[in-house]
1. Among Ala14, Ala53, which is in a loop (DSSP other than H, G, I, E, B) and either at pLDDT below 95 or among the β-branched types (Val, Ile, Thr) (or both)?
2. If a residue has to be within 16 Å of the ligand (Cβ to nearest atom) and either in contact (Cβ under 8 Å) with a residue 24 or more places away in the chain or not polar (S, T, N, Q) (or both) to count, how many in region 70-83 make the cut?
3. Does Thr147 satisfy the condition of being within 13 Å of the ligand (Cβ to nearest atom), assigned to a helix (DSSP H, G or I) and open to solvent by 10 Å² or more (accessible area, probe 1.4 Å)?
4. Report whether or not Ala225 is modelled with pLDDT of 95 or more, surrounded by 15 or more Cβ atoms within 10 Å (Cβ to Cβ) and within 28 Å of Ile11 (Cβ to Cβ).
5. Just the residues that are outside any loop (DSSP other than H, G, I, E, B), near the ligand (Cβ under 9 Å from one of its atoms) and open to solvent by 30 Å² or more (accessible area, probe 1.4 Å), please, taken from region 21-40.
6. Which ones in region 219-260 are part of a loop (DSSP other than H, G, I, E, B) and free of Cβ contacts under 8 Å to residues at least 40 places away in the same chain?
7. Would you mind telling me which numbered condition in (1) assigned to a loop (DSSP other than H, G, I, E, B); (2) touching a Pro at 6+ places or on another chain (Cβ under 7 Å) Leu122 fails?
8. Failed condition for Ala37, given (1) within 26 Å of Lys228 (Cα to Cα); (2) among the aliphatic types (A, V, I, L, M); (3) in contact with a Gly (Cβ under 6 Å, 6 or more places away or on another chain), with all others met?
Amino acid sequence: MNYYTNKTVWITGASSGIGEALTYELVKLGAKIIISARRQEELKRVQQQAGAANVYVLPLDLEAADTFPTKVQEAISAFSQIDIMVHNGGISQRSKVKDTLPAVQRKVMEVDYFSYIELTRLLLPHMQQRQTGHIIAISSVMGKIGTPMRSAYAAAKHALHGFFDCLRAEVWRDNIKVTLIMPGYIRTQVSLNAVTASGEKLNELGKNIGHGYPADKTAQQILKAIRKGKFEKYVGRPFSQEWMAVHLMRLFPSLAIKVFKNAVPE
Ligand SMILES: NC(=O)c1ccc[n+]([C@@H]2O[C@H](COP(=O)([O-])OP(=O)(O)OC[C@H]3O[C@@H](n4cnc5c(N)ncnc54)[C@H](OP(=O)(O)O)[C@@H]3O)[C@@H](O)[C@H]2O)c1
């Protein structure tokens with residue numbers, strides 16, 4: 001028995017990257033997992049690779065908020081309860097403010113912020129009724145700092161901190177925990193899937209992401225942070241430039257802003 005044995009975990013963005021890695025780690029720990037994303041065939045691949053009957057595939061488009069009430073009910077019904085919700089699905093962005101179409105700013109906000117808060121709102125009655133639950137929001141180092149070429153993404157990730165910090169202050173009496181995770185550079189599809197100024201797929205593997213921290217080790221760090229009930233946790237390569245960025249911003253914000261404005265976008 002361990003902390004995750006027989007717990008039910010719902011993970012969005014589980015068709016690749018961090019969400020996929022979390023699924024494999026959780027299967028090893030004996031959890032029941034509901035995996036969501038748009039690409040059903042990729043979810044089925046993850047389910048097969050996880051080799052577990054305890055993985056339930058629930059296709060979900062984070063831009064289709066009208067489907068959320070039914071999806072939340074299906075997720076609860078899959079294993080009769082949700083103990084841990086991991087909001088992880090997301091897209092990044094690579095474009096300057098002056099070039100970025102308003103529709104692109106809105107799309108990133110829809111996927112990376114509004115979907116998280118609406119799914120949370122719909123799931124809360126279930127957790128409050130059971131007087132237990134844990135909600136995880138996968139933010140980013142960009143949820144704490146600002147650099148060129150990331151305005152939409154950083155705005156959405158910063159917004160998560162405001163929302164989920166407030167939520168924590170509201171629901172702790174219901175024994176519901178809230179954890180914000182800030183990954184550094186992790187080797188996934190994130191930069192390939194990032195949107196450009198006009199909303200096209202970037203399709204480039206950035207150097208930092210290409211050399212990023214492995215997704216399986218990241219997943220292990222995330223599960224440790226959840227188990228320990230952390231409020232907020234950096235995950236990724238220790239003592240890296242991203243790790244330093246978060247700490248510099250916290251301790252010496254004026255210096256940090258001077259450094260970040262010279263950051264070279266990739
Ligand atoms: N990798 C990094 O360096 C890094 C750093 C900081 C934060 N993060 C965060 O970590 C999370 C996971 O990203 P990743 O690195 O694992 O990237 P990834 O490999 O691109 O995975 C993104 C996941 O999100 C899903 N997704 C994207 N748009 C969606 C939509 N409209 N509806 C439903 N699902 C959607 C994708 O599935 P479908 O395409 O099948 O829908 C995929 O499963 C994101 O929130 C990201 O911002 C990543």
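1. Working: Ala14 fails: either at pLDDT below 95 or among the β-branched types (Val, Ile, Thr) (or both).
Residue meeting the stated conditions: Ala53.
2. Of the residues in region 70-83, the ones within 16 Å of the ligand (Cβ to nearest atom) are 70-72, 74-75.
In the following step, the residues that additionally are either in contact (Cβ under 8 Å) with a residue 24 or more places away in the chain or not polar (S, T, N, Q) (or both) were identified as 71-72, 74-75.
Within region 70-83, residues that are within 16 Å of the ligand (Cβ to nearest atom) and either in contact (Cβ under 8 Å) with a residue 24 or more places away in the chain or not polar (S, T, N, Q) (or both) number 4.
3. Values: within 13 Å of the ligand (Cβ to nearest atom): yes; assigned to a helix (DSSP H, G or I): no; open to solvent by 10 Å² or more (accessible area, probe 1.4 Å): yes.
Considered against the rule, which asks whether it is within 13 Å of the ligand (Cβ to nearest atom), assigned to a helix (DSSP H, G or I) and open to solvent by 10 Å² or more (accessible area, probe 1.4 Å), Thr147 comes out as no.
4. On the way: modelled with pLDDT of 95 or more: yes; surrounded by 15 or more Cβ atoms within 10 Å (Cβ to Cβ): yes; within 28 Å of Ile11 (Cβ to Cβ): yes.
Criteria met by Ala225.
5. Gln40
6. Looking only at region 219-260, we keep the residues that are part of a loop (DSSP other than H, G, I, E, B), and these are 228-231, 236-240, 252.
Selection gives Lys228, Pro238, Phe239, Phe252.
7. Only one criterion is unmet by Leu122, namely (1).
8. Result: Ala37 fails condition (1) only.
The values are calculated or read from the model by the stated rules, or taken from the named source; none is laboratory data. Predicted, not measured: the structure shown is a model, and the values here were computed from it. Quick reminder, even Gly has a Cβ in these numbers, built from the backbone with ideal geometry, and neighbours come from all protein chains shown. The area values use the complete protein model at the heavy-atom level, side chains included, leaving out ligands, DNA and RNA. Shrake-Rupley method; radii C 1.70, N 1.55, O 1.52, S 1.80 Å.
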